[in-house]
Structures are given as C-alpha cells and as structure tokens.
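Derivation of every value follows stated rules applied to the coordinates shown; laboratory data play no part. Because the structure is predicted, anything quoted here is derived from the model rather than measured. Positions of Cβ are backbone-derived with ideal geometry, glycine not excepted, and every protein chain shown enters the neighbour counts.
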Amino acid sequence: MILGELQFAHIHGATPLALMSIDRDFIRSILFREVIVITLFNPVFLIKRLKTAGFAIKKRGSKWDFIATLPAYNGGTATFYNFDYFVKLITHRFLPEEAVVGILLDTLEQMRESNLPNKTKVEIDIRHFA
C-alpha cells in the first residue's frame, strides 16, 4: 500500500493543482495546509490492469518502481521504465489507473504508426491535463 497526499508542488506533465476543476477555496486550504487530502493506493490493481492489457511486469530497484514489457510488439518487445512516475501521478494527482494503461497503449499505437525500427529508444514527455 502507498500512502500519498494531494500536493500543490509541480509534477512534470501533470495538471497544476490550480488548474484542476477543484473549488478555489479548497485549493487555498490545501496551499496553506489547512487541509490535507490523503490517498491510499494499492499498486497491485495497476499491475493487474497492465497484465490484463498484455504487459509483463518486473519489479525494479525502487520499492514501487517496475518495468512493464509488452512481448510480441512489432516483432520485438516494447518496454516501459520508471513506473514510480505513474504511481506518483495516481497518488498525488488522482490520475486513474486506466489512464496510465491508456497512455501506454496510445504510445504503442503512435510508435506503430511511426514505423519505428526495433531497438529504438523513445523518450515519452507526458502532458496530462484534466
């Protein structure tokens, strides 16, 4: 289980808290630490969704970082790293688990459409806006 907190701090690619569809007074309360919004997240559910979508999951060094691999992608294998970033979006910005799976599948589709050769490293710059 991961205990998180809705944070005002910037997370690369995430919607700034001030731009989310949240009541302005509530945002002010969060900013001035009058309230704390706590999240409790079990990454097993994200892993289950990824496995259902065809990904193989392997734990990495960090406690909540893992590698998602999609075998049989364009005659090769597609591998995604740094899942602690996605876990942070879920626990600190309430990004739904299905959105993470959707981002990965959309990325794979764009890679297919681009006809990238095997063994191509692709840097993903996520711009999540609510």
Practice task
Could you tell me whether any residue of segment 20-28 is within 30 Å of residue 76 (Cβ to Cβ) and either polar (S, T, N, Q) or surrounded by fewer than 13 Cβ atoms within 10 Å (Cβ to Cβ) (or both)?
Solution key: no
Problem - Hey, residue 88 basic (Lys, Arg) and surrounded by 12 or more Cβ atoms within 10 Å (Cβ to Cβ) or not - result: yes
